[in-house]
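Working notes, beginning with the structure itself.
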Amino acid sequence: MEDFKSKYFLAANSYKGFISKFKDNYFPEKGYRVYIIKGGPGTGKSSFMKKIAEKAKEKGHTVTLGYCSSDPDSLDAVIIEDMKTLFFDGTAPHTLDPVYPGVCESIIDLGRFWNEKELQKNRYSIISAANINKAFHKTASLYLSACGEVRYDSIKIAKGYTEREKVIKFANALCRKYIQKKPNSTGFEHIRFLEAVTPKGIVSFTDTIADTVDRVFVINDKIGVAAGIICDYIRTYAVSSGYEIITVKNPYFPEDIIDHIIIPELNFAFVTENKFNKFPKDSVRIHARRFYNPHERLAQKKRISFNEKVENELLYSAIQTLNKAKTSHDILEKYYIETMDFEGLNEFFANFTDNFF
């Protein structure tokens, strides 16, 4: 779906386990509507969302796609921004159930289109494929956990030579210059990811930034400590100033580090540039080294370089294992695909989209 410019991940294989931010993208009290799609592998969840996205775009709506970190060719979510309407894949590992059934969330069950008797004929093969898939994901999580231990050591080192007060002072000056407080307005945030560890390697949708806003301030920061402090400060300032923002978390340490802040209403973003996230050369650049004690940084250079090499090796192993998990998932999908009533499913798709729009 190359024609769609706004692309994110709403879930990630982090260094601390799988994490989903589905619930951080809709707000019942603000009138959001959510459709949670249930069904097994190969039952058409992603295909259904692609059809919804195409139809919404055809009708002139603003559409954001949420891709699957376990299969970046498939969708986990479609967000029709101007309608405040979202479609989610509500199955494991990002299981989602209604909190306000019928009022905010509704379930779309695609399991009704499979032939359960036919599935039962392959009962043990399906169970075996599912268990193999689960085992590969568990192994990948172990590699990612080891990555996290190594990366966290580098982060602790970088924090030690970061001049935090200098960073805060700089962030405050940026906010005062570019963010004007809105009277009588309550800000809020959508939490997403631009980058993910996938079976295809590290996938990053950095083009989304330039397609969302015109001005991009790039903080060049290899480890991300200073950039994370700046983005966190901007996040707090912007929300308290009454703006709706998109907070893009670090996919490796999503609870600890913010990579990017996008403020669509003000038409600009502050982003972190590193080896996986590159931005246009004509962007305004802020080099993080200005916030680091040069002597302490130099003293720790060899250790951080060593950590990076180890992390890269572990990350490669995790990606290879996720690729094996994807292969086992493809086998699992075939069993379900063979039992699906696609004629009935396509008729349902057509009726739903025609009535929805």
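The values are calculated or read from the model by the stated rules, or taken from the named source; none is laboratory data. Because the structure is predicted, anything quoted here is derived from the model rather than measured. Cβ sites come from the backbone with ideal geometry, for glycine too, and all protein chains shown count toward neighbours. Just so you know, the surface numbers come from the protein's heavy atoms only, side chains and all, with ligands and any DNA or RNA stripped out. Shrake-Rupley method; radii C 1.70, N 1.55, O 1.52, S 1.80 Å.
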Picking from Asp259, Asp282, the residue that is out of contact with any Lys or Arg (no Cβ under 6 Å at 6 or more places or on another chain), at pLDDT 95 or above and either more than 19 Å from Val203 (Cα to Cα) or not aromatic (Phe, Trp, Tyr) (or both) would be Asp259
Picked from segment 298-346 (must be of a type in the set (Ser, Thr, Tyr), under 27 Å from Pro93 (Cβ atoms) and open to solvent by less than 70 Å² (accessible area, probe 1.4 Å)), the residue farthest from the chain's Cα centre (by Cα) is Thr339
Of the residues in segment 45-68, those that are over 23 Å from Val203 (Cβ atoms) and open to solvent by less than 20 Å² (accessible area, probe 1.4 Å) come to Ala56
- Report whether or not Tyr8 is part of a strand (DSSP E or B), at pLDDT 95 or above and more than 13 Å from the chain's Cα centre (by Cα). no
Those residues of segment 31-46 which are outside any strand (DSSP E or B) and in contact (Cβ under 8 Å) with a residue 60 or more places away in the chain amount to Tyr32, Gly39, Gly40, Pro41, Gly42, Thr43, Gly44, Lys45
Original post:
Do we have Ala299 as of a type in the set (A, V, I, L, M), at pLDDT 95 or above and within 30 Å of Asn133 (Cβ to Cβ) here?
Top reply: no
Flagged pairs (Cβ under 8 angstrom, 6 or more apart or on separate chains; first in segment 126-138, in contact (Cβ under 8 Å) with a residue 60 or more places away in the chain; second open to solvent by 60 Å² or more (accessible area, probe 1.4 Å) and aliphatic (A, V, I, L, M)) are Ala129/Ile331
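Kindly state which strands (runs of 3 or more DSSP E) lie completely within segment 241-317 and contain at least 2 residues that are free of Cβ contacts under 8 Å to residues at least 40 places away in the same chain.
Once the strands (runs of 3 or more DSSP E) in segment 241-317 are filtered for at least 2 residues that are free of Cβ contacts under 8 Å to residues at least 40 places away in the same chain, what remains is 258-263.
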Of the listed residues (Lys23, Lys50, Lys84, Lys45), the one being at positive phi, within 19 Å of the chain's Cα centre (by Cα) and among the basic types (Lys, Arg) is Lys84
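Residues being open to solvent by 60 Å² or more (accessible area, probe 1.4 Å) and either in contact with a strand residue (DSSP E or B) (Cβ under 9 Å, 6 or more places away or on another chain) or not hydrophobic (A, V, I, L, M, F, W, C) (or both): count how many of those fall in segment 104-128. Break it down into steps so the answer makes sense when it comes.
Start the filter on segment 104-128 by keeping residues that are open to solvent by 60 Å² or more (accessible area, probe 1.4 Å), which leaves 107, 109, 112, 114-118, 120-121, 123-124, 127.
If we keep only those that are either in contact with a strand residue (DSSP E or B) (Cβ under 9 Å, 6 or more places away or on another chain) or not hydrophobic (A, V, I, L, M, F, W, C) (or both) as well, we get 107, 109, 112, 114-118, 120-121, 123-124.
Residues flagged as open to solvent by 60 Å² or more (accessible area, probe 1.4 Å) and either in contact with a strand residue (DSSP E or B) (Cβ under 9 Å, 6 or more places away or on another chain) or not hydrophobic (A, V, I, L, M, F, W, C) (or both) within segment 104-128 amount to 12.
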Conditions (1) at pLDDT 95 or above; (2) buried (at least 17 other Cβ atoms within 10 Å of the Cβ) -> Gly40 fails only (1)
For this session: Determine whether Thr339 is modelled with pLDDT under 95 and of a type in the set (S, T, N, Q).
Result: no
